[in-house]
Structure formats: structure tokens, C-alpha cells
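Engineer: Before we start, here is the structure in question, set down as C-alpha cells.
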Amino acid sequence: MSSIQLGSDGALRHLLTLEGLARERLTALLDTADAFRESHERGVKAMPILRGRTLVGLFFEPSTRTRVSFEIAARKLSADVVHFDIAQSSTRKGESVHDTLATLAALGCDLFVVRHQTAGTAAHLAERLPEGCALINAGDGEHAHPTQGLLDALTIRQRKGGFAGLKVAIVGDIRHSRVARSDVHALLALGVEEIRLCGPPQLLPEVAPAGCRVEPSADRAVAGADVVIALRLQKERMEAGLVPSEDEYFRDFGIDARRLALAAPDAILMHPGPINRGVEIASEVADGPQSVILEQVRNGVFVRMAVMAHLAGAR
Ligand code: ASP
């Protein structure tokens, strides 16, 4: 686990990875997210938890769900939100990411949400941030996407009532997926019974993470599963030609109605988005009754509120 994400008192200072976070802390974050969801449902529109704090998002890779939900979450907690467009910024004049962050911190930003194509960037940047600033990793290369791991866990807990005894199938481009890695860290710590990782051999990790079983057949991976998580082909992280034909990929690893019917009758279907219909998931199931894809999106707001509240020392 990244040693800098916890302070010497054990408090969360940054959120860089879920690896190594204890079940109690993950559960506390999910409980806070549920509490925020309940207050939202009761009509509470804003809370003063982050009053006086200023959030800025630095997205070096495209983002829809994560970027927008962080902004909504920050506003609901009364933070100021600064719009920062990398493409129009001085990074185009050659300013380093470190210098950009230092500049934004000097301007008074103190909550940084960073997505970068290189694994480890979030931790490097967090190490150099001035005292009082917190950084949340919104995805660093293939490494980690901790808030996605949390919102997936929250969605599973809401639908399944807990984690004990659950069989989870993660199907697709596991090797390049930071979501798969963060899901595995969260779900194992929270106590699921079994995680099956399935994809073509060239898209599986070289070494299966401890506690996971690699299953080359998608039918067998999905059979009897309580939770099926489909993943996008991360073409931006692949050498060309790694997946020769999308039709073949869909036939062998896509989740359609026939394959989903092999799962437990009350199985839920998840996907972190963006979805590619007809590549890793069929419209009939993406829009079907077992799909919780938009619930995942909604939970993203409450999970991100919870993470920021914990970073601010509030429960
Ligand atoms: N949105 C997720 C991520 O940024 C999943 C994906 O892009 O496929 O990792």
C-alpha cells in the first residue's frame, strides 16, 4: 500500500489505492456514502463539510462519470470547484505536472483529483503536496481507480446486503484495467467468497492476484455468479492487434442474454463505463433488469462525498 495515504495517526490523508486498506476503513467509507445517499433522498441538498475548501480536477485522460461526479459531490459538501482544462493550460507550454500542482496549491486549491495515464503519478504528486492538501487518485494508468472500487462495492452491498458468500466474475480486459485491480482489492478485503477473472490470455494478468481464480471460459466464469462485472477493452493501453476482431471478442467474452442467464437468477450486471455496446456488453443486458450500471454512476457521487468527508476528518 502507498505509505503516504495514511497519516501517522492512521487518518486518511490522500486516497491513492485501496490496496492494503482494512475492511473497517472500507466499511466506514461505504457507511458514510450510504448516509449521504439517505440524506440526499430526504431532500438535503448541501452540507457545510467542505466549506472553505477548493477542489480542482486535473484530468490528463478523458473522463465523464468520474469528473462530473467529483464536481457534484464537492458542491454538495459546499466546496468551491475550480474548472481546469488541461488542454488549455500551461502544461501545453511544457509546464510539468508537479509545477502545475504547486501553482494550483499556491492559488489556494487544496483538494486535488488527478487522473493520469501513468501508473504511480498520483502517489508521486501526493508526496510533494504542501501540508493541508489532499489528493484523490481518479485513475493512474493500469494501476488503481480507488473511488470506482468503492462505488462498485457500495452498489454490490446495496443490492446483495453484504459480501459474504458472493461469487464475482470480472470479464474482459483485466490486464489493462485499474478498475479490476481496485475492485479486487476492495472485494477481497470486504470478504467476498470468490473472484473469477476471465478474458483472452493476452488480456489476463501475468500473475493472478492472490485470492482470485483465472477462468479462461466466459461461460464457466459467469456460471452461478452473483455479480458479473464486464470491462471495456482498454485500447488506449494496448499494442495494436492484441484483439484481432471485435466480433470474435464479443462471441467469446461479451456479456449477452444467453451468457448472463448462466449466472445466479438474481445476479447483477455491472460495468464501470464507458460501455461499448456489442463489444463487451449487449444492449439487451446493459439496459435490462439485471443491469445496475446507472446505479453505479449514481453511487459515484455519494462515494466521492464520503472520501472527501473522510479526508477532511469528518465522518
Ligand atoms: N472509466 C473507467 C476508467 O477510467 C473504466 C474505463 O475507462 O474503461 O478506468
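Engineer: Give the ranking of Glu215, Glu284 by solvent-accessible surface, highest area first, calculated with a 1.4 Å probe.
Structural biologist: Glu284, Glu215
Engineer: Would you kindly state how much longer the chain becomes between Arg258 and Ala35 on full extension, computed as 0.36 nm times their sequence separation minus their alpha carbon distance, in nm to one decimal?
Structural biologist: Stretched fully, the Arg258-Ala35 segment lengthens by 76.6 nm.
Engineer: Using a 1.4 Å probe and ignoring any ligands, DNA or RNA, find the accessible area of Asp219 and quote it in Å² to the nearest 10.
Structural biologist: 50
Engineer: I would also like to ask the following. Would you please give the FRET efficiency between Thr27 and Arg65, computed as 1/(1 + (r/R0)^6) with r the Cβ-Cβ distance and R0 = 30 Å, to the nearest 0.05?
Structural biologist: About 0.80, to the nearest 0.05.
Engineer: Run the helix sum for the chain: -39,500 (n - 2.57) per DSSP H stretch of 4+ residues, divided by residue count, reported at 222 nm to the nearest 500 deg cm²/dmol.
Structural biologist: -11000 deg cm²/dmol
Engineer: Skip the ligands, DNA and RNA, and give the accessible area per residue of region 222-262 with a 1.4 Å probe, whole Å².
Structural biologist: 48
Engineer: Okay, moving on. Go ahead and collect, in residue order, the members of region 216-242 whose backbone nitrogen is under 14 Å from a label point 7 Å along the Cα-Cβ direction of Glu206.
Structural biologist: Answer for region 216-242: none.
Engineer: In whole Å, what is the distance between the alpha-carbon centres of region 121-194 and region 244-293?
Structural biologist: A separation of 21 Å, based on Cα centres.
Engineer: With every protein chain in place, what's the accessible area of Leu190 (1.4 Å probe, Å², nearest 10)?
Structural biologist: 10
Engineer: What does the extension gain come out to for Ala46 and Val82, with contour length at 0.36 nm per residue minus their alpha carbon separation?
Structural biologist: 11.2 nm
Engineer: Quickly work out the Thr118-to-Asp247 label distance, labels modelled 7 Å from Cα along the C-beta direction, and quote it in nm with one decimal.
Structural biologist: 4.1
Engineer: Could you sort His98, His83, His116 by their accessible area in this structure, using a 1.4 Å probe and putting the largest first?
Structural biologist: His83, His98, His116
Engineer: Determine the per residue accessible area of region 14-54 with all protein chains present and a 1.4 angstrom probe, expressed in square angstrom.
Structural biologist: In whole numbers, region 14-54 has 51 Å² accessible per residue.
The values are calculated or read from the model by the stated rules, or taken from the named source; none is laboratory data. As the structure is a computational prediction, the values presented were derived from the model and not from experiment. Note that we place each Cβ from the backbone using ideal geometry, even for glycine, and neighbour counts take in every protein chain shown. Heavy atoms of the whole protein, side chains included, go into the accessibility calculation; ligands, DNA and RNA do not. Shrake-Rupley method; radii C 1.70, N 1.55, O 1.52, S 1.80 Å.
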